[in-house]
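Enquirer: Handing you this structure, nothing more for now.
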Amino acid sequence: MSGFRLIVSIVFALVTVSHCHKWPPKTKVLHIGGIFPINGTEGWQGGMACQPSAMMALDDVNSRFDLLPGYKLKLHWNDSECEPGLGALVMYDLLYKPPQKLMLLAGCSTVCTTVAEAAKMWNLVVLSYGASSPALSNRQRFPTLFRTHPSATVHNPTRVKILQNFGWSRIAILQQAEEVFISTVEDLETRCRESGIEIVTRQSFLNDPSESVRNLRRQDARIIVGLFYVVAARRVLCEMYKQGLYGSSYVWFFIGWYEDNWYEANLSQEKIECTREQMKEAAEGHLTTEALNWNQDNQKTISGMTVEDYRKRLNNELLKNGHDVNIRFPDGYQEAPLAYDAVWAVALALNRTMHRLAERGRSLDDFTYNDAISAGEIYSAMNATQFLGVSGTVAFSSKGDRIAWTLIEQMINGQYNKVGYYDTQTDNLTWLAEARWINGKIPQDRTIIIDKLRTVSFGLFVTMSLVSSVGIAAAIGLIIFNVVYREQKLIELSQPACNNVMLVGIVLLLSSVILLGMDGDTVPVVHFPVVCQLRAWLLCLGFTLAFGAMFSKVWRVHRQSTKSKEETSKMKEKKSRTQSAKAKVDWVLVGLSCIDVIILTIWAIVDPQMRMVENFQLENPSDTEKDIKIRPSMEHCESKHQNIWLGVVYGYKGLLLIFGLFLAYETRSMKVRSINDSRYVGMSIYNVVVLCLITAPVSLVISSQADASFAFVTAALAFCCFISMALIFLPKVVEVVRNPDRPGDGDDETDQTVSKEEEERYRKLQQENEQLQQLIASREHKLKLLNQRLLERNASANVNGVTANPAVVSPSNNASTNVSTPVMSGPARTTTIHLPPAKKNSEVRFSTSSMEMLPNKTRVGVGIMKVHCTETIVTDTAPSTATPTTLVFNEEVMDGVGDEDQEEYEERECATGVELIEKITDSPMFQRGSTRSPEESYL
Ligand code: ABU
């Protein structure tokens, strides 16, 4: 075996010597410049592996006598640290320090951009082994640039193909703010748009990706394409871990040219706040796309090496340079073949140029930075270069770009697994293995949102509908009751027409309960606006009729109790004219209803209510499915200017409520015979107001909960209606049921309640009455004694021939002192009082000569009495033996109120006869002048 090797070596040596004999020795040197990013902290430090690789290529090129015969290539290089500024400095050094350079090699997009843009000024062709920026494909801007490194855009068709393959149509992009990534993203956006893929957000960062990652989370990004250098990639990965943007629900696309264990390298140097384990966990499952920088066939390349030969040599070389490839590949290891092939491309292009120049009688030795002709030849030669290198077939497009396949890899258990290749030219995606997903399920590109309409539950709807139906039936029953018993005084004096209107309003309100429960479950979307309109009309008109009827009653009670004399006289006139009409038309109700109809009509025409769907915050489903969320929504009836319309309606109804409340309070202890249930109506108004005050704010708070809102509003509505019906009609029904045949006397039989104030006033009157009676009794006693003494004195005077005192009061002569003459019926216990001079409803002052049972069964000595009828009967329960009573009326008849509506007056008051207004026994007014009774004057 060793003998065979020796023979091969000897043959090889002989061939080489024979070749050397054919080609001149390499005595002259062609200089090229090289810029390698090696020791920087940001960007791509691929010079670590690319520079040794380039030196290897240089050795190989120089060892070839047929290539650049007589010339050696020499590479002058320096470190740019992937910093554009430093890169420019290195370039100027290379240009201005002799010897003259024929071409430049450069890596790292940011540096290449600077170098390639400037190089044209020196007629220099630049060949990039490590710049992926799509911006570099601009021939106007970079007319002399070629690159063995494919443009980053070669990844984009692959990415789009993968997205389509897995059915992802919604992606997000996270990029570092560098031109290389910006231009890549622009290309990706165009391709996505063409393929119908939505880019939900595009986040960019300079150094700190935390906010951008947070935004991705906010946007519910699931499939994320990340474009950044490896240092930034580690920060992003740590941030992904911190914010939980990894795992079974997320797919990240990273750039494929990071070294295999990039996620766990340099963590402490770069102050990454995640452990290796955390980084590994976050990186699990991500996909990468990378251009194939290594020839996939193990055939011999231009250098005579296979890719494997090259790999071994490179690894040895890197080991010599201090990079332990067994532990970690240095940055740029992926691109090392590109650097190797770049040097070969330079050599081949110069070789071709050399021949072309020779044909013109020129030489590469004569090249200066002003030599456009030689530069043009070099450019043309480079353009035509094509060979099989360790990176594959090297050829340049018209834009100077490399054409390459892309490799798709996935990280499984911290290792990159090859899963497929994509050939852009043939649009051929080849899967080597199935991609593996954490839960065995392809992640979704978005959270699946299930819309769920919050509707009123069927049971509740049926229950409330039944309740409202019962209410409607009750209201209709009460209307019938009002009609049937309309002849009964009790019903007649309760304004049955008004009550019927109230009941109609209640029917409308209770009907709206059924409409309020109708939603998307029961009504088709197209018919929903009709339901909206019906709801508004029923609620508004129902409220106006029900509450308006109550309002109208208390309004009339208040008016009758407070109207002035003028008003009453006017009313009297008016009343006689419109007697019949007034019994039928309630103008308050008509007015309120008209306002409603006007508002509702304008609302319906100008800005009709439509179906609006309000969406609420996403909710997690009850099962544990992570990628599904429930989006609750609720239907509402809404106009464009809903607030304005609600403001108008609520404002108007609110004012009505407040005014109604005020009137109910004002008339709380007033009684009007023609509205016998006004007190209950007042109570009903309190009930409505209180319920409205509670219901309005509470229903606003719980408006997002269909069941709660419906239950609360409809329960309040039903409660309000039931209470009103019970308060106003139950006593009537009970009374009529008890005495079905009694026509009724018109008294307030349904309104028996006596207010506390009235009780108090009655009690005080009784006390005063008792005191007065005691006073009268004592004075009567005195009077009796005096009379007796006077009689005795008269008797003795008669005996002595003296005239009797004419001031002595007797039952038979009291007319001589005052205007009215009470007539006593002797020992009978009933006294008939005739009041001829007094006008009806006038007030007269009077005094009694003794304890007298006056009208209203009040014992009074002196007082003011109101005369209602020309005759009244007073019962005196005094023993028949008691001293006869003299009722003396003052001649100062007070102002009458006879201009009051006589008819009404008679109806209300005549039955009660005379009425004691004021007891003024001790009043100085009474004691003045002729108002005194003879007895008082005498006393
Ligand atoms: N594959 C390395 C590319 C580096 C750059 O474009 O800057």
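The values are calculated or read from the model by the stated rules, or taken from the named source; none is laboratory data. As the structure is a prediction and not an experimental result, all values here were calculated from the model. We place every Cβ from the backbone using ideal geometry, glycine too, and count neighbours over all the protein chains shown. The area values use the complete protein model at the heavy-atom level, side chains included, leaving out ligands, DNA and RNA. Shrake-Rupley method; radii C 1.70, N 1.55, O 1.52, S 1.80 Å.
Enquirer: Just give me the residues in region 424-452 being among the aliphatic types (A, V, I, L, M) and in a strand (DSSP E or B), in sequence order. Don't jump to the end; show me each part of the working.
Expert: Let us first name the residues in region 424-452 that are among the aliphatic types (A, V, I, L, M), namely 429, 432-433, 435, 438, 442, 448-450.
Within region 424-452, Leu429, Ile448, Ile449, Ile450 qualify.
Enquirer: Just give me the residues in region 253-287 being in contact with a Gly (Cβ under 9 Å, 6 or more places away or on another chain), at pLDDT below 95 and closer than 22 Å to Thr424 by Cβ, in sequence order.
Expert: Ile255, Trp257
Enquirer: Looking for something within 16 Å of the ligand (Cβ to nearest atom), surrounded by 22 or more Cβ atoms within 10 Å (Cβ to Cβ), modelled with pLDDT of 95 or more and assigned to a strand (DSSP E or B) - is there at least one such residue anywhere in region 230-252?
Expert: No, every residue in region 230-252 fails to be within 16 Å of the ligand (Cβ to nearest atom), surrounded by 22 or more Cβ atoms within 10 Å (Cβ to Cβ), modelled with pLDDT of 95 or more and assigned to a strand (DSSP E or B).
Enquirer: While we're on this one: Quick one: count up the residues across region 83-94 that are open to solvent by less than 10 Å² (accessible area, probe 1.4 Å) and either within 12 Å of the ligand (Cβ to nearest atom) or modelled with pLDDT under 95 (or both).
Expert: 1
Enquirer: Can I ask one more? Scan region 707-730 and tell me whether some residue there is open to solvent by less than 20 Å² (accessible area, probe 1.4 Å), more than 22 Å from the chain's Cα centre (by Cα) and more than 18 Å from Ser468 (Cα to Cα).
Expert: The answer is yes; a qualifying residue exists.
Enquirer: Within region 514-538, which residues are buried (at least 18 other Cβ atoms within 10 Å of the Cβ), in contact with a strand residue (DSSP E or B) (Cβ under 6 Å, 6 or more places away or on another chain) and modelled with pLDDT of 90 or more?
Expert: Phe528, Cys532
Enquirer: Related question: Filter region 102-119 down to the residues that are open to solvent by 20 Å² or more (accessible area, probe 1.4 Å) and touching a helix residue (DSSP H, G or I) at 6+ places or on another chain (Cβ under 9 Å) and list them by number.
Expert: First, pick out the residues of region 102-119 that are open to solvent by 20 Å² or more (accessible area, probe 1.4 Å): 110, 114, 117.
Listed by number, the residues that qualify are Thr110, Thr114.
Enquirer: Quick check on my filter: what residues within region 159-201 are more than 16 Å from the ligand (Cβ to nearest atom), crowded, with 22+ Cβ neighbours inside 10 Å and part of a strand (DSSP E or B)?
Expert: Answer for region 159-201, where residues must be more than 16 Å from the ligand (Cβ to nearest atom), crowded, with 22+ Cβ neighbours inside 10 Å and part of a strand (DSSP E or B): Ile171, Ala172, Ile173, Leu174.
Enquirer: Right, something else. All but one of (1) within 16 Å of the ligand (Cβ to nearest atom); (2) farther than 23 Å from Ser363 by Cα; (3) not hydrophobic (A, V, I, L, M, F, W, C) hold for Gly34; which doesn't?
Expert: Among (1) within 16 Å of the ligand (Cβ to nearest atom); (2) farther than 23 Å from Ser363 by Cα; (3) not hydrophobic (A, V, I, L, M, F, W, C), Gly34 violates only (2).
Table: residues versus (1) modelled with pLDDT of 90 or more; (2) open to solvent by 50 Å² or more (accessible area, probe 1.4 Å); (3) farther than 24 Å from Asp707 by Cα.
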| position | (1), (2), (3) |
| --- | --- |
| Val557 | no, no, yes |
| Glu573 | no, yes, yes |
| Val590 | no, yes, yes |
| Asp607 | yes, no, yes |
| Asn620 | no, yes, no |
| Asp627 | no, no, yes |
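Enquirer: Taking Phe329 as meeting all but one of (1) within 25 Å of Asp423 (Cα to Cα); (2) open to solvent by 10 Å² or more (accessible area, probe 1.4 Å); (3) within 16 Å of the ligand (Cβ to nearest atom), write down the number of the exception.
Expert: Of (1) within 25 Å of Asp423 (Cα to Cα); (2) open to solvent by 10 Å² or more (accessible area, probe 1.4 Å); (3) within 16 Å of the ligand (Cβ to nearest atom), only one is false for Phe329: (1).
Enquirer: If the requirement is being within 16 Å of the ligand (Cβ to nearest atom), in contact (Cβ under 8 Å) with a residue 40 or more places away in the chain and closer than 15 Å to Gln415 by Cα, which of these qualifies: Glu290, Glu284, Glu259, Glu335?
Expert: Details: Glu290 fails: closer than 15 Å to Gln415 by Cα; Glu284 fails: within 16 Å of the ligand (Cβ to nearest atom); Glu335 fails: closer than 15 Å to Gln415 by Cα.
After ruling out the rest, the residue left standing is Glu259.
Enquirer: Among the residues of region 404-423, count how many are in contact with a strand residue (DSSP E or B) (Cβ under 7 Å, 6 or more places away or on another chain) and either assigned to a strand (DSSP E or B) or more than 20 Å from Gly389 (Cα to Cα) (or both). Break it down into steps so the answer makes sense when it comes.
Expert: Initially, region 404-423 is screened for residues in contact with a strand residue (DSSP E or B) (Cβ under 7 Å, 6 or more places away or on another chain), giving 404-410, 416-422.
Within this subset, residues satisfying the condition of being either assigned to a strand (DSSP E or B) or more than 20 Å from Gly389 (Cα to Cα) (or both) are 406-410, 416-422.
Final tally of qualifying residues: 12.
Enquirer: Name every residue in region 368-396 that is in contact (Cβ under 8 Å) with a residue 40 or more places away in the chain and farther than 24 Å from Asp341 by Cα, in order of residue number.
Expert: Correct list: Thr368, Tyr369, Asn370, Asp371, Ala372.
Enquirer: Go through region 131-147 and count every residue that is open to solvent by 10 Å² or more (accessible area, probe 1.4 Å) and of a type in the set (D, E, K, R).
Expert: 2
Enquirer: Might you let me know whether region 123-130 holds any residue that is more than 12 Å from the ligand (Cβ to nearest atom), open to solvent by less than 10 Å² (accessible area, probe 1.4 Å) and under 28 Å from Asn207 (Cα atoms)? I'd like the intermediate steps shown before the answer.
Expert: Step one: list which residues in region 123-130 are more than 12 Å from the ligand (Cβ to nearest atom), which gives 123-127.
Right, trim to open to solvent by less than 10 Å² (accessible area, probe 1.4 Å) and you get 124-127.
With the extra rule that they be under 28 Å from Asn207 (Cα atoms), the set shrinks to none.
No, that holds for no residue.
Enquirer: Count, please, the residues in region 202-229 that happen to be open to solvent by 60 Å² or more (accessible area, probe 1.4 Å) and either part of a loop (DSSP other than H, G, I, E, B) or closer than 16 Å to Gly43 by Cα (or both). Walk me through how you get there before you give the answer.
Expert: First, the residues of region 202-229 that are open to solvent by 60 Å² or more (accessible area, probe 1.4 Å): 202, 204, 206-208, 211, 214, 217-219.
The next check asks that each one be either part of a loop (DSSP other than H, G, I, E, B) or closer than 16 Å to Gly43 by Cα (or both); those that pass are 204, 206-208, 219.
Result for region 202-229: 5.
Conditions tested, residue by residue: (1) closer than 30 Å to Ser709 by Cβ; (2) part of a helix (DSSP H, G or I).
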residue: Ile476; (1), (2): yes, yes
residue: Ile479; (1), (2): no, yes
residue: Arg486; (1), (2): no, no
residue: Leu490; (1), (2): no, yes
residue: Ser494; (1), (2): no, no
residue: Ser512; (1), (2): yes, yes
